[in-house]
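See structure below.
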Amino acid sequence: MKMAASPSPISFFSSSIFLHTSNTCSTKLHFLKAESSLRLRATAARAQLATLPVLSFEGSQVGLASLNLKSAPPDTARAVVHRGLTTDLTNSRRGTASTLTRAEVRGGGVKPYPQKKTGRARRGSIRTPLRPGGGVIFGPKPKDWSVKINKKEKRLAISTAISSACESTVVVEDFDDKFEKPQTKAFVEMLKRLGLDPKKKSLFLMMQLSDNVKLSSRNIGTLKILTPRTLNLFDILDAETLVLTKGAVEFLNERYGFSDGEEEDEFEDAGEA
């Protein structure tokens, strides 16, 4: 039985403003309405360090994990994440919508009735846009909606979004081998042991996904499991709780954090966010 997804209390579709608040888990980011005239300036990415407890499969704390990711400053973070989100949504459009004009619609080569002495309107074709079955005036045609975004800027948007969710992030040990057979009930019980509400949206980031885990979680409508290959900004912002495995933490630190001896990155974009 598939559980219904509960509406998220925060809408990210018309959002993207970050407010800086001081807390023990680096910077918490809140999304509000973005200013249309905002322009990105040369911005230095900085590291945000968060120490998170590591939970076992039974739900007990077994250690600590450090999440050290690049993060945009609070005054430009809203624009970076907003640009990354809108770019992903725009690039996901297929652009295959197509309609036929009166010249492309099949038929209509013969004048339907004489020009005069019928008392009816003058018709040269039955495929005129003014009649049912005719062509479409200014209808959609195939179009490429793709928008370019710099690789560093896209990575910074993802790392900034993950850093903003550190207060609602949970780290667990790898449980890929804990499910000997597909069982949704066992997966729901694991969520409760980890302190997660099955009725709220949760996002799991795992390095690898076994068939038993995939089959055990697919009937939970509020749950989404991603791998590094499918990690995307929309699902990060849409989730209320982020669950990382220890392998996923190492992957995020390596891909979205500062490497040894690396200086702060800078990017500049003169376009509107």
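The values are calculated or read from the model by the stated rules, or taken from the named source; none is laboratory data. Keep in mind that what you see is a predicted model, and the values were worked out from it rather than measured. Cβ coordinates were reconstructed from backbone atoms using ideal geometry, including for glycine residues, and neighbour counts include every protein chain displayed. These area figures cover heavy atoms from the full protein model, side chains too; ligands, DNA and RNA do not enter into them. Shrake-Rupley method; radii C 1.70, N 1.55, O 1.52, S 1.80 Å.
Summary of computed values
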{"quantity": "Single condition Ser159 does not satisfy, out of (1) surrounded by 13 or more Cβ atoms within 10 Å (Cβ to Cβ); (2) farther than 21 Å from Val54 by Cβ", "calculated": "(2)"}
{"quantity": "Close pairs from the range 128-147: first at positive phi, partner open to solvent by 50 Å² or more (accessible area, probe 1.4 Å) and of a type in the set (Val, Ile, Thr), Cβ under 8 Å, at least 6 apart", "calculated": "Gly133/Ile126"}
{"quantity": "Residue check, Val249 touching a residue at least 60 places away in the same chain (Cβ under 8 Å), buried (at least 16 other Cβ atoms within 10 Å of the Cβ) and assigned to a strand (DSSP E or B)", "calculated": "no"}
{"quantity": "Matching entry among Arg122, Arg131, Arg127, Arg102 (being over 26 Å from Leu203 (Cα atoms) and either surrounded by fewer than 11 Cβ atoms within 10 Å (Cβ to Cβ) or of a type in the set (Gly, Ala, Ser) (or both))", "calculated": "Arg122"}
{"quantity": "Neighbours by Cβ (under 8 Å, 6+ apart or cross-chain): first from the range 89-111, touching a residue at least 40 places away in the same chain (Cβ under 8 Å); second part of a loop (DSSP other than H, G, I, E, B) and among the polar types (S, T, N, Q)", "calculated": "Thr90/Ser146; Asn91/Ser146"}
{"quantity": "Verdict on Lys178 being outside any loop (DSSP other than H, G, I, E, B), within 19 Å of Ser60 (Cβ to Cβ) and among the charged types (D, E, K, R)", "calculated": "no"}
{"quantity": "Unique residue being assigned to a loop (DSSP other than H, G, I, E, B) and either without any contact (Cβ under 8 Å) to a residue 24 or more places away in the chain or open to solvent by 10 Å² or more (accessible area, probe 1.4 Å) (or both) when the list is Leu231, Leu215", "calculated": "Leu231"}
{"quantity": "Residues (acidic (Asp, Glu) and closer than 26 Å to Leu64 by Cβ) located in the range 143-196", "calculated": "Glu167, Glu173, Asp174, Asp176, Asp177, Glu189"}
{"quantity": "Lone unmet requirement of (1) farther than 19 Å from Leu55 by Cβ; (2) in contact (Cβ under 8 Å) with a residue 60 or more places away in the chain for Leu244", "calculated": "(1)"}
{"quantity": "Residue satisfying condition, being surrounded by fewer than 11 Cβ atoms within 10 Å (Cβ to Cβ) and either in contact (Cβ under 8 Å) with a residue 24 or more places away in the chain or of a type in the set (Asp, Glu) (or both), within set Lys201, Lys154, Lys181, Lys116", "calculated": "Lys181"}
{"quantity": "Any chance Leu209 is in contact (Cβ under 8 Å) with a residue 24 or more places away in the chain and open to solvent by less than 20 Å² (accessible area, probe 1.4 Å)", "calculated": "no"}
{"quantity": "Only one of Asp75, Asp88 that is modelled with pLDDT of 90 or more, open to solvent by less than 80 Å² (accessible area, probe 1.4 Å) and of a type in the set (D, E, K, R)", "calculated": "Asp88"}
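Yes/no per residue for (1) among the acidic types (Asp, Glu); (2) closer than 21 Å to Gly63 by Cα:
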{"residue": "Asp174", "(1), (2)": "yes, yes"}
{"residue": "Asp197", "(1), (2)": "yes, no"}
{"residue": "Asp211", "(1), (2)": "yes, no"}
{"residue": "Pro228", "(1), (2)": "no, no"}
{"residue": "Leu233", "(1), (2)": "no, no"}
{"residue": "Ile236", "(1), (2)": "no, no"}
{"residue": "Leu252", "(1), (2)": "no, yes"}
